[in-house]
1. Are there any pairs with C-beta distances below 9 angstrom linking a residue in segment 207-225 that is over 20 Å from Ala178 (Cα atoms) and outside the structural domain of Lys245 (by TED's automatic domain parsing) to a residue that is among the hydrophobic types (A, V, I, L, M, F, W, C) and surrounded by 12 or more Cβ atoms within 10 Å (Cβ to Cβ), with the two at least 6 apart or on different chains, and if so which?
2. Looking at segment 89-99 only, could you name the residues that are free of Cβ contacts under 8 Å to residues at least 40 places away in the same chain, surrounded by 18 or more Cβ atoms within 10 Å (Cβ to Cβ) and hydrophobic (A, V, I, L, M, F, W, C)?
3. Tally up the residues in segment 89-105 that are in contact with a strand residue (DSSP E or B) (Cβ under 8 Å, 6 or more places away or on another chain) and part of a loop (DSSP other than H, G, I, E, B), please.
4. Please work out which one of (1) among the β-branched types (Val, Ile, Thr); (2) within 26 Å of the chain's Cα centre (by Cα); (3) surrounded by 13 or more Cβ atoms within 10 Å (Cβ to Cβ) is the condition Thr157 fails and give its number.
5. Within segment 197-208, which residues are surrounded by 16 or more Cβ atoms within 10 Å (Cβ to Cβ) and under 13 Å from Leu172 (Cα atoms)?
6. Can you give me the number of residues within segment 26-40 that are touching a residue at least 60 places away in the same chain (Cβ under 8 Å) and not aliphatic (A, V, I, L, M)?
7. Scan segment 173-227 for residues that are at pLDDT 75 or above, of a type in the set (Lys, Arg) and out of contact with any helix residue (DSSP H, G or I) (no Cβ under 6 Å at 6 or more places or on another chain) and jot them down.
8. Could you list, in sequence order, all residues of segment 1-24 that are farther than 25 Å from Cys95 by Cα, of a type outside the set (Gly, Ala, Ser) and in contact (Cβ under 8 Å) with a residue 40 or more places away in the chain?
Amino acid sequence: MQTQFASAERLVDEEIYKQAELIINENMIPSLFNIMPYILLIINKQRQIIYSNQSFLKLLNFPEQKRILGLRFGEILKCKHADKLPGGCGTTESCSVCGALLAILECQKKKIAITKECLLETKSKNEIVHHELEVYASPAYISNSEHILFTVRDISTEKRKSAMEKIFFHDLLNTSGAAKGLLDVIVNNGYRKDTMELAECASETLDILVDEVKNYQDIFAAESGKLEIKSTLFSVKDVIEGLVKQYLKNEDINCPINFNCTEEL
């Protein structure tokens, strides 16, 4: 059977039903898998589904598992590439960049758990719907047969949130940077003393704002595991002087603050 990427080979329905029955007879599997709140599938060497938990069936609004047995992941979700060739899901050139398929193939080859992201375009009521998924494929040995445990998690909301955060921080930094630039022009061009004092104060406040935005960016990056540590040199003297200036502006602080340091730390 024609293929432009992964094997098109399939098992006939009779063999699929035999594999599915062996899994169902493993009493622990249905009992454990059906309490999972996310999609969980068992896939054979031919990448065909031989078991699905109830979460996936409810998502598809399928009353029974038999309707999906023998099909592949992209075929079930109506991926727009799944019906382009007779071999089905995984056999077109476009499938070569599918995260779900690559996770399955790499898992089969390396015999280790693989996690990837999958951008899936599906057809629903003559409309193209875009999905951003995280897929996990792990080797599973059931009834002396080698299969793949395949889980799927929708990360579309996480991706949109991350994109919005990047846009927000980018725009905020640009705006505060532009405002600081205008204030620096005032300071550097020698306007009236009181005007310059206000401009310097505003400029320092914007410096703090920019630092705060960058700090929040680092916090979000650290929480998502994407923080990159960059080592840079800085002046301890400048840091302390900056803190002293900030506290001197606080009218509630009555104690004298004095910091004199002629040496660069």
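1. Every condition considered, the pairs that remain are Asp218/Leu227; Ile219/Leu227; Phe220/Phe169; Phe220/Leu227; Ala221/Leu227.
2. At the first step, the residues of segment 89-99 found to be free of Cβ contacts under 8 Å to residues at least 40 places away in the same chain are 94, 97-99.
Still in the running and surrounded by 18 or more Cβ atoms within 10 Å (Cβ to Cβ): 98-99.
Cys98 - this is the single residue of segment 89-99 that is free of Cβ contacts under 8 Å to residues at least 40 places away in the same chain, surrounded by 18 or more Cβ atoms within 10 Å (Cβ to Cβ) and hydrophobic (A, V, I, L, M, F, W, C).
3. Here is the first cut: in segment 89-105, the residues in contact with a strand residue (DSSP E or B) (Cβ under 8 Å, 6 or more places away or on another chain) are 89, 98-100, 102-104.
Retained after the next criterion (residues that are part of a loop (DSSP other than H, G, I, E, B)): 89, 98.
So the count comes out to 2.
4. Unmet condition: (3).
5. Once the filter is applied, which keeps residues that are surrounded by 16 or more Cβ atoms within 10 Å (Cβ to Cβ) and under 13 Å from Leu172 (Cα atoms), segment 197-208 yields only Leu206.
6. 2
7. Matches in segment 173-227: Lys214, Lys226.
8. Looking only at segment 1-24, we keep the residues that are farther than 25 Å from Cys95 by Cα, and these are 14-15, 17-24.
Within this subset, residues satisfying the condition of being of a type outside the set (Gly, Ala, Ser) are 14-15, 17-19, 21-24.
Of everything in segment 1-24, those that are farther than 25 Å from Cys95 by Cα, of a type outside the set (Gly, Ala, Ser) and in contact (Cβ under 8 Å) with a residue 40 or more places away in the chain turn out to be Tyr17, Gln19, Leu22, Ile23.
The values are calculated or read from the model by the stated rules, or taken from the named source; none is laboratory data. Just so it is clear, the structure is predicted and the values come from calculations on it, not from any experiment. All Cβ positions, glycine included, derive from the backbone under ideal geometry; neighbour counts span all protein chains shown.
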